[in-house]
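Take a look at the structure set out below.
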Amino acid sequence: RSLDLLFADWANRGLNLWRIEQRTLALTTGVNTYDLPLDTVDVLSAVVRFSNQGVNTDITIDRISRAEYLHTPVKSQQARPSQYYVERTIQPKLYLYPTPDPSISYTFVYYAIRRIQDAGDYSNTPDVNFRFLPCLAAGLAYYLSLKKSPDRVGLLKQIYEEEYARAASEDRERASVFLTPD
C-alpha cells in the first residue's frame with residue numbers, strides 16, 4: 001500500500017516523461033463523448049488526423065476548460081473537431097466540439113500521461129524508470145516511517161524530497177521554448 005501511495009504522490013506532482021505514450025482513438029460520426037482508458041491521468045496534447053488520398057494530415061486541436069465546454073451552446077453541431085475537454089474522473093472522458101461529421105473519417109491522436117501500475121505482489125518489477133529508483137527507495141522508507149518509525153519522518157522526508165527533485169529535474173523536455181508577447 002505504501003508503494004502505491006508513493007506512485008500516487010508522483011502522479012500528483014505532475015509530469016513524469018517516462019509515463020507518456022501516444023494513443024489513438026477512432027472517432028465516430030455524431031458522437032462527441034468517449035471513455036478514455038482507465039490508466040489515463042491526463043492528455044497533454046492532441047491532433048485530429050484524417051487521410052486524404054492516402055496521406056495522413058494532422059490538425060491541431062485546442063484543449064478547453066470544463067466551463068468553456070459547458071458554455072458551448074450546440075454541442076451536437078457537426079464539423080471537424082477543433083476543441084476538446086478532458087474530464088479527469090475515475091473513468092476519464094473526452095468531450096469533443098464540434099461533433100465529428102460524416103464527410104471524413106477522423107482519428108483523435110494524443111499524448112496521454114499513463115498511471116504507474118500498482119505495485120502488486122512483492123515479486124513484481126516496479127513500473128519505474130531507472131532514474132527514479134533512488135527516489136523510490138527513499139520515498140518508500142519515508143512512507144513506511146510514517147507507520148513504523150515516526151521519530152525518523154523528518155529526516156526521511158528530506159532525503160525523499162531531495163531524491164525526487166534530482167530525478168524530476170532530469171526527467172524533462174529538452175526542446176527550447178520561445179515565447180513572444182502579442
>> Run the numbers for I104 and R13: contour at 0.36 nm per residue of separation, minus the present Cα-Cα distance, in nm.
In response: 28.8 nm
> Of P100, P150, P92, which has the largest mean-square fluctuation in a 10 Å C-alpha GNM of the chain?
Replying inline: P150
> Hey, if you put +1 on the Cβ of every Lys and Arg and -1 on every Asp and Glu Cβ in the chain, which of I116, Y142, S105 ends up farthest toward the positive end of that dipole?
Replying inline: Y142
> Can you pull the accessible area of L140 for me, 1.4 Å probe, Å² to the nearest 10?
Replying inline: 50 Å²
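In square angstrom, what is the accessible area per residue of the chain with a 1.4 angstrom probe? Write out the running numbers ahead of the final one.
Details: 11460 Å² over 182 residues.
With the other protein chains kept in place, the chain gives 63 Å² per residue.
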> Roughly speaking, to the nearest percent, how much of the chain's 1.4 Å accessible area is carbon and sulfur?
Replying inline: 52 percent
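Of all DSSP beta bridges in the chain, what percent run antiparallel (nearest 5)?
Numbers: 30 of 34 bridges.
About 90 percent, rounded to the nearest 5.
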> Just for segment 53-155, what percent of DSSP beta bridges are antiparallel, to the closest 5?
Replying inline: 55 percent
>> Can you tell me which lysines have their Cα less than 19 Å from the Cα of K93? Leave out same-chain residues fewer than eight positions away.
In response: K75
> Given (i) 46, 40, 27; (ii) 55, 35, 28; (iii) 64, 36, 35, which label gives Cα extents along the principal axes in Å as computed from the coordinates?
Replying inline: (iii)
> By the gyration tensor of its Cα atoms, with a ≥ b ≥ c the square roots of the eigenvalues, what is the shape of segment 19-103: rounded for a/c under 1.5, prolate for a/b over b/c, or oblate?
Replying inline: oblate
> Between V31 and E68, what is the label-to-label distance in nm when each label sits 7 Å out along the Cα-to-Cβ direction?
Replying inline: 2.5 nm
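The values are calculated or read from the model by the stated rules, or taken from the named source; none is laboratory data. Note that this is a predicted model, so its numbers are computed, not measured. Methodologically, a virtual Cβ is constructed for each residue, glycine included, from the backbone with ideal geometry; neighbour enumeration extends over all protein chains shown. SASA here: full protein model, heavy atoms, side chains in, ligands and nucleic acids out. Shrake-Rupley method; radii C 1.70, N 1.55, O 1.52, S 1.80 Å.
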